[in-house]
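J.: My questions all concern the structure below.
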Amino acid sequence: MTDTLAPTVVPTERKVVTAIPGPRSIALQERRRAVVSDGVSSALPVYIERAHGAIVVDVDGNAFLDLGAGIGVTTIGHTDDSVVAAAREQLGDVIHTLFTITPYEEYVRVAELLAAHTPGTHAKKSVLVNSGAEAVENGVKIARKYTGRAGVAVLDHAYHGRTNLTMAMNFKAMPYSLGFGPFAGDVYRAPNSYPLHDGLSGEAAAARTISYLEKTVGAADLACLVVEPIQGEGGFIVPAAGFLPALQAWCTANGIVFIADEIQSGMARTGAYYASEHFGLVPDLVLTAKGIAGGLPLAAVTGRAEIMDASQPGGLGGTFGGNPVACAAAIAVFERIESDGLLAEAARIEGVLKPALLALQQKYPVIADVRGIGAMIAIELSDPVTHAPDSAAVTAIAAEAAQHGLLVLTAGTYGNVLRFLPSLAISDAQLADAVDVLDACFAGLAA
Ligand SMILES: *Cc1c(COP(=O)(O)O)cnc(C)c1O
């Protein structure tokens, strides 16, 4: 290969050279309006041409420091060299056969890596699919087949996807499900643990959740309970200590499959391969997607062999599931995490970002909470007097940050959370720069 990889053309610092969005992005936005469904939105209509590490560059030459990583997908960095090399090599070897027709080694290797790195030492098996929502759908299918039960329990503030079943599993109707019904049945939502708002211990919150499910569904009708160990779209809600282990113990005692949706929190994001590890959880099934393949579409359900094997041959799969190029990229991601100690990088990021955000909280009373683990940190904004969620402040900060070349994502049921999911490639200097921009944005808001 003679051509060079991306790093030579992408800067390492943010730099704004036009208005945001710039003229070329505005022109592209016009073309898009004519042909792309209005049902697909974009948080910031700047059109990206190149990216590397923690920087994305738009068509007008503006370089953005990216604290979103495509919602926690390019976890090891944009256009990571090892991912690019592995995918390029695989493209030249074989792009597609369909694993359910003629299989290939890369799929098996990814399943081996998932078995090795998901929590627990029991025998595990996987099925590979294309998207997070598809992993959730398959997790539910597999749990239903194994238990012979229909009920699916989920938690308040959950987000699981945009397919028909997952729409029914989400907490938020707007924008995810409004007008898109009828929805799948047998989905039951129960209270979560939200320490900032409920003030409950993990044990008390779990007792409330369990009692709710026993009263409104009955444990014997539940196939599975699906939890995000740290809720993603819900606003990086870290449950009180003891909440998740108590739920898992109840599931185990009642023959309910405990499913951890680690689509956002997994793959080294929190300084462990899976956030479940922080809570001492060994889920029956683990769902992986977003960060697994460095930006290529790949997702997985991994779990106890006896549960995964309950489905009849042919019952699981799909045309593109476990695509060889995506698998090659995923193998490179696992190798990078291992050989370059990337779990420690997530801990480093927490060590820099969290104290800096706590310092901002001292200055700006609109910051009600700083929370999260590893490179999955959020701040929740609310009115210091009434405690009403302040989504307007979140919108204003995100918009102002973008004007200065900083990409930050919003979250939360009430839109009042700023979430930070930087790639593990972000440097301490880049993080400090991001915090300076945020500080200036909050100062502007307060003025
Ligand atoms: C993003 C996400 C999903 C859905 O994944 P898609 O790939 O967008 O279908 C499901 N669960 C969680 C926790 C997510 O963050």
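Just so you know, all these numbers are worked out from the coordinates, no wet-lab data involved. Every value quoted in this text rests on a predicted model; they were computed, and no experiment measured them. Cβ sites come from the backbone with ideal geometry, for glycine too, and all protein chains shown count toward neighbours.
J.: In whole Å and largest first, what semi-axes does the C-alpha gyration tensor of the chain yield when each eigenvalue is scaled by 5 and square-rooted?
T.: The answer is 33, 29, 20 Å, longest axis first.
J.: Residue-wise, which Karplus ³J(HN,Hα) couplings in Hz belong to the stretch 367-376, taking 6.51 cos²θ - 1.76 cosθ + 1.60, θ = phi - 60°, and x for glycine or proline?
T.: Karplus values, whole Hz, x for Gly and Pro: 7, 7, 7, 10, 8, x, 9, x, 9, 9.
J.: Another question, then. Run the helix sum for the chain: -39,500 (n - 2.57) per DSSP H stretch of 4+ residues, divided by residue count, reported at 222 nm to the nearest 500 deg cm²/dmol.
T.: Calculated from helices alone, the mean residue ellipticity at 222 nm is -12000 deg cm²/dmol.
J.: Treating only the Cβ atoms of Lys and Arg (+1) and Asp and Glu (-1) as charged, compute the dipole magnitude of the chain about its Cα centre; round to the nearest 20 debye.
T.: 780 debye
J.: Based only on other Cβ atoms within 10 Å, what is the fewest-to-most ordering of F320, F99?
T.: F320, F99
J.: May I pose another question? So the label point goes 7 Å from the Cα of R50 along Cα→C-beta, right? Which residues of the stretch 403-447 then have their backbone N under 17 Å from it?
T.: In the stretch 403-447, the label zone of R50 (backbone N under 17 Å from the point 7 Å along Cα→Cβ) covers no residue.
J.: Of M308, L281, A346, whose Cα points farthest to the positive end of the dipole of the stretch 200-359 (charges on the beta-carbon: +1 Lys, Arg; -1 Asp, Glu; origin at the Cα centre)?
T.: Value: A346.
J.: For the stretch 18-118, what are the per-bin percents of Cα-Cα distances with bins 10 Å wide, up to the bin holding the maximum?
T.: Histogramming the stretch 18-118 at 10 Å steps yields 12, 28, 29, 22, 8, 0 percent.
J.: What full-extension length gain, to one decimal in nm, is calculated for S37 and D221 as 0.36 nm per residue of separation minus the Cα-Cα distance?
T.: 62.3 nm
J.: Same structure, new question: Select from the stretch 152-254 those trypsin sites (Lys or Arg not before Pro) which occupy a DSSP coil region and have at most 14 other Cβ atoms within 10 Å, ordered by residue number.
T.: Of the trypsin sites (Lys or Arg not before Pro), not one in the loops of the stretch 152-254 has a Cβ with at most 14 other Cβ atoms within 10 Å.
J.: I307: net charge of surrounding residues, Cβ under 15 Å, Lys/Arg +1, Asp/Glu -1, itself excluded?
T.: +4
J.: Please report, for the Cα atoms of the stretch 83-339, the Rg to one decimal and the Dmax as a whole number; what are they, in angstrom?
T.: Expressed in Å, the Cα Rg and Dmax of the stretch 83-339 come to 17.8, 57.
J.: What does the charge count near V226 come to, summing +1 for each Lys or Arg and -1 for each Asp or Glu among other residues with Cβ under 13 Å from its Cβ?
T.: -4
J.: In addition: What is the fewest-to-most order of H96, H117 by other Cβ atoms lying within 10 Å of their Cβ?
T.: H96, H117
J.: Where the centre of each part is set by its Cα atoms, how far does the stretch 167-223 sit from the stretch 25-99, in angstrom?
T.: That distance is 34 Å.
J.: Antiparallel versus total DSSP beta bridges in the chain: what percent is that, nearest 5?
T.: So the antiparallel bridges in the chain amount to around 65 percent.
J.: In whole Hz, with x marking every Gly and Pro, tabulate ³J(HN,Hα) for the stretch 19-28 from phi via Karplus 6.51 cos²θ - 1.76 cosθ + 1.60, θ = phi - 60°.
T.: 3J(HN,Hα) across the stretch 19-28, in whole Hz: 4, 10, x, x, x, 5, 5, 4, 5, 5.
J.: How far, in nm, would the chain grow between I101 and A347 when pulled straight, counting 0.36 nm per residue and subtracting the alpha carbon separation?
T.: Going from the current span to full extension adds 84.3 nm.
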